[in-house]
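Structure, as structure tokens:
The values are calculated or read from the model by the stated rules, or taken from the named source; none is laboratory data. The shown structure was predicted, so the numbers you read here are calculated from the model rather than taken from an experiment. Cβ sites come from the backbone with ideal geometry, for glycine too, and all protein chains shown count toward neighbours. SASA here: full protein model, heavy atoms, side chains in, ligands and nucleic acids out. Shrake-Rupley method; radii C 1.70, N 1.55, O 1.52, S 1.80 Å.
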Amino acid sequence: MRRTMVAGNWKMHGTRASVAELIDGLRNLNLPKDVEIAVFPSELFIDRVINGLEDAPILVGAQDAAIESKQGALTGEISPEQLVGAGCKFVLIGHSERRLILGESNETLNRKFAAAQASGLTPVLCIGETLEQREAGQTLEVVERQLNAVIDEFGIDVLASAVIAYEPVWAIGTGLTATPQQAQDVHAAIRAQLAQKNPEVAQGVRLLYGGSVKAANAVELFSMPDIDGGLIGGASLNADEFGAICRAAGN
Ligand code: PEP
């Protein structure tokens, strides 16, 4: 049985004041017990968020981590080991903003994926097609290729300790959401792809949907059989909206 997860990606947002307000709002939410909830603040605020949410049923992840698991001479980077020491449980790997704007290659992402797992962080591997690729009918080919980049290097079993987030790039931050059926079709195809290699891993791995999820569309998306929760960007910056999305994921 897969535990539903709702993850909030705060991206490069937040000031000392707005983060304090968001922590307060999150602490006061009525949250479902059967949903695993995590937020991914800017690394600048990770420590503060971990302390602020100490008594709340909300875990904390990082939006990125270094290619080396241990601390060392790598200016500007934060190692997975440091993140674990701070109390982080997850790390986003391969968000489309990092793939497309910062040019992170599959090779770099694989190094980050392995370093994260070596330190005990659970990678949330983000995959998804651009609008151009969808319109060219390449959606399944693209997500399969992105997943295979990891599987070909490390084997399918590493996905047993990871989460996969399907995020169509055209739906991220645009207000356009994949319909529940569009998202379900891709999720089912991903699970089928994994099942050919290891049915147990395919059944156990959580597949989150991301792309303009809000309280208003969450119930329908989360009711799909292969959608095990969501990765939420913009809507996770509002504690009440995020709480409503988390409740939509509960049973
Ligand atoms: C994201 O950044 O992962 C995301 C899904 O953003 P949004 O919900 O704002 O589309």
| query | Out of all the residues in region 177-190, is one or more open to solvent by less than 10 Å² (accessible area, probe 1.4 Å), more than 26 Å from VAL35 (Cα to Cα) and in contact (Cβ under 8 Å) with a residue 24 or more places away in the chain? | reply | no
| query | Can you tell me which of LEU26, LEU74 is of a type in the set (A, V, I, L, M, F, W, C) and without any contact (Cβ under 8 Å) to a residue 24 or more places away in the chain? | reply | LEU74
| In region 198-205, is there at least one residue being on the phi < 0 side of the Ramachandran plot and within 15 Å of the ligand (Cβ to nearest atom)? | no
| message | Please go through region 71-101 and give me each residue that is surrounded by fewer than 18 Cβ atoms within 10 Å (Cβ to Cβ) and closer than 20 Å to ALA162 by Cβ, ordered by number. | response | GLY87, LYS89
| Residues being open to solvent by 30 Å² or more (accessible area, probe 1.4 Å) and either farther than 19 Å from ASP152 by Cα or among the polar types (S, T, N, Q) (or both) - total across region 191-214 | 6
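Yes or no, residue by residue, for (1) within 16 Å of the ligand (Cβ to nearest atom); (2) of a type in the set (Asp, Glu); (3) assigned to a helix (DSSP H, G or I):
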| position | (1), (2), (3) |
| --- | --- |
| ARG2 | no, no, no |
| ALA20 | no, no, yes |
| LEU26 | no, no, yes |
| ASN51 | no, no, yes |
| ALA56 | no, no, no |
| LYS70 | no, no, no |
| GLU77 | no, yes, no |
| VAL84 | no, no, yes |
| field | Some residue of region 229-239 being more than 10 Å from the ligand (Cβ to nearest atom), buried (at least 19 other Cβ atoms within 10 Å of the Cβ) and within 24 Å of GLU129 (Cβ to Cβ) | value | yes
| query | With (1) surrounded by fewer than 23 Cβ atoms within 10 Å (Cβ to Cβ); (2) touching a Leu at 6+ places or on another chain (Cβ under 6 Å) as the list, and ASP47 as the residue in question, which single condition is left unmet? | reply | (2)
| Within the group ARG111, ARG99, ARG134, which residue is in a helix (DSSP H, G or I), within 14 Å of the ligand (Cβ to nearest atom) and not hydroxyl-bearing (Ser, Thr, Tyr)? | ARG99
| Identify, please: which residue in region 215-227 is open to solvent by 10 Å² or more (accessible area, probe 1.4 Å) and either closer than 23 Å to PRO41 by Cα or of a type in the set (Ser, Thr, Tyr) (or both) and is, among those, nearest to the ligand (Cβ to nearest atom)? | ALA215
